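Following: one structure in C-alpha cells, then a few remarks.
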Amino acid sequence: IQFLGLYDRFGKGVSNYIGVFVGETDDEPQPPRSLEIAEARFFATNALPPGTDEGSRRRIDEYVRGERSLYRKW
C-alpha cells in the first residue's frame, strides 16, 4: 500500500480530510458496510465510469503521473 496524499475540503460548515491510499489486489472488491458506499468495482484508469467526480479524477491523474505524499485541496 502506498500513501498518495491527504486532501482537505472545507465549506458550508463542513470540514473534511480525505486520506488516499493506493494498493493492488487480485481479489474482487468488497464494499464495506456503509450508508455512503453502495457498491465497489475496479476500472482501468483510462476508462472511468460516467459520473466519476472531478476530485477523484484529479487523484487518479496524480497517481498516474507518479506523484506521492501530497497535501492539497480536494
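The values are calculated or read from the model by the stated rules, or taken from the named source; none is laboratory data. Quantities reported herein were computed from a predicted structural model and do not represent experimental measurements. Reconstructed Cβ throughout: ideal geometry from the backbone, glycine too, with neighbour counts over all protein chains shown. Remember, those area values only see protein heavy atoms, side chains included, never the ligands or the DNA or RNA. Shrake-Rupley method; radii C 1.70, N 1.55, O 1.52, S 1.80 Å.
Scan the stretch 1-48 for residues that are out of contact with any Leu (no Cβ under 6 Å at 6 or more places or on another chain) and touching a residue at least 60 places away in the same chain (Cβ under 8 Å) and the total you get is 7. So, in the stretch 49-67, how many residues would count as being in contact (Cβ under 8 Å) with a residue 24 or more places away in the chain and part of a loop (DSSP other than H, G, I, E, B)? Number of matching residues: 1. The set of residues in the stretch 11-32 being assigned to a strand (DSSP E or B) and under 20 Å from GLU62 (Cβ atoms) consists of ASN16, TYR17, ILE18, GLY19, VAL20, PHE21, VAL22. Would you confirm whether any residue within the stretch 53-63 is at pLDDT below 90 and open to solvent by 100 Å² or more (accessible area, probe 1.4 Å)? No: zero hits. Filtered by the rule that a residue be of a type in the set (Val, Ile, Thr) and either farther than 24 Å from GLU67 by Cβ or open to solvent by less than 70 Å² (accessible area, probe 1.4 Å) (or both), the stretch 1-46 gives VAL14, ILE18, VAL20, VAL22, ILE37.
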